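Structure record follows, encoded as structure tokens.
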Amino acid sequence: MAETITIIDDRTGKKITVPVKDGVFASSALRELDPNLRMYDPAFLSTAACASSITYLDGEAGILRYRGYPIEQLAEKSTFLEVAYLLLKGELPTTQELEAWNFEVTHHTMIHENMRKRFVDGFHYDAHPMGMFISAIAALGTFYDDSKNIFDEEVLNKQIRRLVAKVPTIAAMTYRFSSGLPFVLPNNSMSYAQNFLNMMYRIGDDYTVHPALARAMDVLFILHADHEQNCGTTAMRVVASSHADPYSATAAAAAALSGPLHGGANEAVIHMLTEIGDVKNVSAFVEQVKKGDDRLMGFGHRVYKNFDPRATILKKTAYEVFEVTGKNPLLDIALKLEEVALNDEYFISRKLYPNVDFYSGLIYQALGFPVEMFTVLFAIPRTVGWLAHMSELLKDKEQKISRPRQSYTGVGERNYVEMKKR
Ligand code: ACO
């Protein structure tokens, strides 16, 4: 079978034949037909905006791989920092490489006192943690003069280490501020997930991180570390394409993540389950969704049209967490909702299945996180994915500043009308 596609411009009779590789053809070839021809693709449904070797996903088959490794194997056998190394550097680390990486990340976890005392203290007492997180990431960049030298690989890698190391500290800080609790300094002897939980929950000496809960946190971090060209990563790439520093670009990506159709969905799931309130109300709620009056949050995905492999892993993790914390009372409603939806023609025909957010919220809640923190919890590991994409983008000779075209639908030229004549 020919691996080409032939496009004919019926207006002129001109024809081009373009190679197709892995289901992708270079649409720039269309310029040969007509330099003013544009492809109209709102929300990028049919557009590959870059070539990437970081994450592979096949939505029909429910496959997700980081650098070729199946997500199921990484969730079972790896740690978040090892996965971070893999995503950022392309290969699994050796023992020495992992030790050095863990050491470097662990020793960059502190943030400048001014961030805490002057910056975070300036927020209103009920500021949303995600708003604080986004702003704090952007503010952090102002502490590092060198962060603008993005084409100096050593300098860029230093910012990456700083960001990966400091996002849990910033995340915990937003929570402690919201709760009126004193900040807890990072503890360098703990693992990434343990240290985060410790900064969240320690009050005096009265807190021990349960190993099963730290492991669940680590698995959640692994599952959320990257997901190729989602909305947040696209924002990261678009902003980084203007050669903004990594802190500004990460803040932009986090802002994109904060929306309820993206990273904010796990928060929306808990609100939805709480509103449903009882298993007996599930069917009525599903009918409301089918009428278009509501949306089943945590269901559906732009790419996964069969199942989300992360949701499958998380359902298992949820039960492991509930063994320690006791069952989240919303679980029964979630299970019933899943059962009803998966057997209903509306959801079957639209290929709507639980996504990663359907169960993550239940786990976060069982771990004691307030719902306002959920998107922040997503942003911590996703920072790694964003930065891996930024590094890749900066080395990609085919990339330029992102600048899509538009199809103008406004009025044609007209003359200014004086106020008294309007
Ligand atoms: N509940 C009810 N109906 C839905 C849902 C849902 N959650 N998702 C999609 N549909 C319906 C749409 O109404 C549409 O129906 P129609 O063909 O009759 O008009 C059809 O399914 C196709 O949906 P689209 O909106 O075109 O799908 P799209 O790929 O644009 O949206 C999205 C994907 C945003 C994730 C959507 O499924 C959604 O809003 N889900 C709920 C929010 C959510 O869980 N987001 C988290 C995604 S995962 C992540 O970001 C980490």
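Summary table
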quantity	calculated
Fluctuation leader among S27, S283, S242 - the chain, Gaussian network, Cα springs under 10 angstrom	S27
Helix 192-201 vs. the chain, principal-axis angle (Cα, 0 to 90°, nearest 10)	60 degrees
Under 12 Å from the Cα of K280 - aspartates and glutamates, other chains or at least 8 residues apart	D332
Lysines with Cα under 19 Å of K316, excluding same-chain neighbours fewer than 8 positions away	K77, K327, K336
In order through the stretch 174-185: 3J(HN,Hα) via Karplus (6.51 cos²θ - 1.76 cosθ + 1.60), integer Hz, x for Gly, Pro	5, 5, 5, 5, 4, 8, x, 9, x, 6, 10, 6
Flagged links, alpha-carbon separation over 29 Å, of K15/K395; K15/K305; K117/K148; K21/K89; K21/K400; K351/K397	K15/K395; K15/K305; K351/K397
Distance between modelled label sites at A48 and R414, nm, 7 Å Cα→Cβ extension	4.4 nm
Highest-fluctuation residue, T47, T55, T174 considered, GNM on the chain with Cα pairs under 10 Å	T47
Relative packing of 248-255, 192-199, which averages over residues the other C-beta atoms within 10 Å, highest first	248-255, 192-199
The chain: relative contact order as a whole-number percent, Cα under 8 Å and 6+ apart	20 percent
Pairwise label distance in nanometres, F103 with A61, each label 7 Å out on the Cα-Cβ vector	4.1 nm
Fluctuation leader among I270, I380, I333 - the chain, Gaussian network, Cα springs under 10 angstrom	I333
Amide H contacts under 5 Å for S402, placed H, 5+ residues apart	S241, S242
Sequence ranges 232-240, 4-12, ranked by mean other-Cβ count within 10 angstrom, highest first	232-240, 4-12
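Only the coordinates and a few stated rules stand behind these numbers; no lab work does. Keep in mind that this is a model prediction, so the values were computed, not measured. Every residue, glycine among them, receives a Cβ derived from its backbone with ideal geometry; neighbour counts consider all protein chains shown.
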